[in-house]
Amino acid sequence: MGADGSKQRKRHAEGQENEHFVSGWRSFLSSMGLSIPAGLCRLSPSALRLGQRRMIQGKPSEIPEHVLRLAGVGPDKLRAEWNLPGFITMFLPEFPHRTVPGQEHFQVLGYIAKGSFGPILKVKDKAKQKTYAVKVIPKSEILRLGVLEQSKEEVIVQRQVRHPFVHDLQDCWQTQRHLYIMCDYCSTGDLYTYWQMIGQFTENAVRVFAAELGSALGFLHDFGIIHRDVKMENILLTDNGHLRLADFGLSRRLERGGRAFTICGTIQYMAPEVLSGGPYNHAADWWSLGILLFSLVTGKFPVPPEPDHCSMLRKVRSFPYEIPLSFSPPLALLITELLCKTPSRRLKTLDRYKRQTFFHGTTFDLALLQRQPVEVILELRERPDRAAKARRGLTLSLQPLKGFDYDALLSPPATPDTQLDGNTQTYTAVPSETGPSAPSAHSETRHPSAAIMTHQYPALTPEQKKELQEIAERIVSPGKGILAADESTGSMGKRLNPIGVENTEENRRRYRQLLFTADQRIDSCIGGVIFFHETLYQNTDDGTSFAKLIKDRGIVVGIKVDKGVVPLAGTNGETTTQGLDGLSERCAQYKKDGADFAKWRSVLKISDTTPSELAILENANVLARYASICQQNGIVPIVEPEILPDGEHDLKRTQYVTEKVLAAVYKALSDHHVYLEGTLLKPNMVTAGHSCSTKYSSEEIAMATVTALRRTVPPAVTGVTFLSGGQSEEEASVNLNSINTCPLAKPWALTFSYGRALQASALNAWKGELSNEKAATEEFIKRAEANGQAALGKYESSGSAGATGKSLYVANHAY
């Protein structure tokens, strides 16, 4: 499903002007049943070609006569006879014909890449609430280029293979003019993008990639399939950073001992026997793997691509393929055996591959390989330049919609109760036939700017609502709050470095273990634990998973699902939070792995010019979309619109901004049909800016906080779990206690979701030493019990001496 930027195929010359292309795509929407956001469709007429290829409706394509004979059509009848069954049956049975594919209710979300023959679209199945990648192939191109059998071979191969490191085919079909191949959508992108970002991967990272890709190739070859286009662009990455070998457009069935002769693939990855025109066999894929591994480690291809295969063959035959001295001896040996120019002597079986010294200590168990996330990919994914790198300099947002029917695109999707009046271009409310009112021929036509109250489709079943509410209530049971142990790898480094502990996975695991294995005293004051992705899949020393350990204690497991904040263009340093792409799939997996609630953090700040209306509305809508997706997957969303304490503003200013932000958040949650009883709110307490000269009492803070909540947060919300916001451990407990003793009516549970304010003393006591673990655990239990009492309004402060009184404020806090 990747882009074909480097495949060596002849390109069809550019055709006539735009008018031919509009008619060529005229039936695209009706044939596929797609609704597309209007924002994607407002393109200039100058961009009305799809991949510089002509549709059948324009000037007659140069389709080979033998193909026309297959369909029973003469060249002079091509345009008039396009509807004949022959142009359907020639693609059967591999591509089932669907006359009404609109029943799937797909929605195009965007453009992924420019494929070999047509666009690859990001598409949402509304019924399943899942996102897919759909390759759209005009039949005219398949026939013109004479690759009918190859297009059928692609789906035959993909239907047969199911492997953890091979990209899954979900469905394929045909309509009158197009073929559609639908696969899983990998939101993390392809390996080439991350190679461009990092330049060179470490050998440890490459070892994981090599094990996964070698496993995939060995499986395919044992199954009698040769891929023929192994390259970075065709390796997609999962949310955990693991590989999926994709794009089987050049693959074919080839049994052991079989031979192939077609020169195909991506030229810098082609084995010498492929460049020479064969014969070749599965060994060609292992050569491509060797080129890929060499390039990942060095940052460049051993032989740069040449303009044609003859020139490339001369270069490859004369190049010595000397291994850089920087390679470790095991890696040097592996690359040498993969890049052997004699196919019969080349490393070309999975068994021999696994025995390489480079893989000593590396498992090839498919389940174990996927257990740990690939940290380097997850870290690179958070970089703000990833999207630009993925585009490879192309304006992707303009590419996929060239030549689409504008009238159809600008129409809203048809629903039982909302249609578009084609003459007036305004929305018309139509009573539902299944509703209490009979259909009317005199429906009210409203002005486009008027509010429209449509029928509410049930977002959740009664059973789903019941489960969500019960989970939320368990988390904020009386006297219980949340341990926020969701610090990212980078944030953990900021915690561990001051106490002289190296930020390694093992040290992070050891530290979380001392928190999670605290004795039964925490069971009465901790109702939920928020995990970071890495932590969810870690184990205790005895092999028990952290998630199971927590659940067995009656504590609810949660997971941080956002991907961090990114700049919001056109604002004064404000941000929005990313991570909605692939969120539904991640939530579904997290639910299977034991998580029942999630956290998503949006960040706003107070200054003379912030927060802006744009930042407030953007973050509110992102939070609402996240909450809706979570609930669809049975996960309780914690909604966290954090207002940072940075600045000199007073208490009154913070209260005003908090009310405005929370009002916008709950308006957005309502708009997105979020079930409030199955949510939790994680706001900041209303405190003055950290640099404010006026110091306010805990009672004043409590009154301002509860007042702001009463004015904005509906009583239906199950609980409010405050973040500590840089307060000291003692301040966070005292202020929470004052909030619960505030003499105003409070219809929600008011408790804590603390990270630093539960862990600071424990970290200082631990210092990475095994002998200190018991003392560190006691410090954690002490703070958990203190905040449990504060959540009941029963905490009696012991003073702010020592570590508990130390401020935990961090400017522009990010994690």
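The values are calculated or read from the model by the stated rules, or taken from the named source; none is laboratory data. All figures in this text were calculated on a predicted structure; none of them were measured in a lab. Neighbour counts run over all protein chains shown; Cβ positions are idealised from the backbone, glycine included. Keep in mind that these areas ignore ligands, DNA and RNA; they rest on the heavy atoms of the full protein, side chains included. Shrake-Rupley method; radii C 1.70, N 1.55, O 1.52, S 1.80 Å.
A few notes on this one:
- Distance between modelled label sites at residue 700 and residue 572, nm, 7 Å Cα→Cβ extension: 2.5 nm
- Annotation for region 215-265 versus region 556-582: alpha-carbon center distance of 35 Å.
- Computed from phi, the 3J(HN,Hα) profile of region 681-696 under the Karplus parametrisation 6.51, -1.76, 1.60 (θ = phi - 60°) reads 9, 10, x, 6, 6, 7, 10, 5, x, 4, 9, 5, 6, 8, 9, 9 Hz, with x in place of Gly and Pro.
- Near-label residues of region 162-185 by backbone N, under 20 Å of a point 7 Å along Cα→Cβ of residue 128: 162-175, 179-185
- Couplings for region 612-623, taken from phi via the Karplus curve 6.51 cos²θ - 1.76 cosθ + 1.60 with θ = phi - 60°, read 6, 4, 4, 5, 4, 5, 4, 5, 5, 5, 5, 4 Hz in order; Gly and Pro are left as x.
- Count Lys and Arg as plus one, Asp and Glu as minus one, and take only other residues whose Cβ is under 12 Å from that of residue 153; the net charge is then +2.
- Amide hydrogen neighbours beyond the local backbone of residue 112, cut-off 5 Å, H modeled: 120, 121, 122
- Counting only residues at least eight positions apart within a chain, or on another chain, the lysines with an alpha carbon under 16 Å from that of residue 465 are 591.
- Shown is the FRET efficiency for residue 107 and residue 382, computed with R0 = 30 Å from the Cβ-Cβ distance and rounded to the nearest 0.05: 0.65.
- Cβ-Cβ FRET estimate between residue 770 and residue 372, R0 fixed at 30 Å, reported to 0.05: 0.80
- Amide H contacts under 5 Å for residue 636: 597, 598, restricted to partners 5 or more places along the chain or on a different chain, H placed in the peptide plane at 1.01 Å from N.
- Spacing of the modelled spin labels on residue 545 and residue 333, each 7 Å from Cα toward Cβ, amounts to 3.6 nm.
- If you sort the three axes of the alpha carbon gyration tensor as a ≥ b ≥ c, you get a/c of 1.5 or more for region 675-767 and a/b no higher than b/c, which makes it oblate.
- Heavy-atom SASA rank of 548, 599 (probe 1.4 Å, accessible area, largest first): 548, 599
- Prolate/oblate/rounded call for region 602-673, Cα gyration tensor, a/c under 1.5 rounded: prolate
- Residue 262-residue 614 pseudo-label distance in nm [points 7 Å out on the Cα-to-Cβ vector]: 4.9 nm
- Ranked order, 264, 310 - accessible area, probe 1.4 Å, largest first: 310, 264
- Sorted on the mean count of surrounding Cβ atoms within 10 Å across their residues, most packed first, peptides 226-232, 129-135 read 226-232, 129-135.
- Mean separation of Cα contacts under 8 Å (6+ apart) over length of region 489-617, as relative contact order %: 19 percent
- Taking amide H as placed 1.01 Å from N in the peptide plane, the amide H of residue 526 sits under 5 Å from that of 481, each at least 5 places away or on another chain.
- Span from the region 108-151 Cα centroid across to the region 584-599 one, whole angstrom: 29 Å
- Couplings 3J(HN,Hα) for region 661-673, derived from phi with the Karplus relation 6.51 cos²θ - 1.76 cosθ + 1.60 (θ = phi - 60°), are 5, 5, 4, 5, 4, 6, 5, 5, 4, 5, 4, 8, 6 Hz, where x marks Gly and Pro.
- Estimated from the Cβ-Cβ distance and a Förster radius of 41 angstrom, the FRET efficiency linking residue 607 and residue 504 is about 0.60.
- Each other residue within a Cβ distance under 14 Å of residue 281 adds +1 if Lys or Arg and -1 if Asp or Glu, for a net charge of +4.
- Relative to the current alpha-carbon distance between residue 171 and residue 325, full extension at 0.36 nm per residue lengthens the span by 50.7 nm.
- A 1.4 Å probe over all protein chains sorts 274, 147 by accessible area into 147, 274, starting with the largest.
- Oblate is the label for region 212-270, because the ratio a/c of its alpha-carbon gyration tensor axes (a ≥ b ≥ c) is 1.5 or higher and a/b is not greater than b/c.
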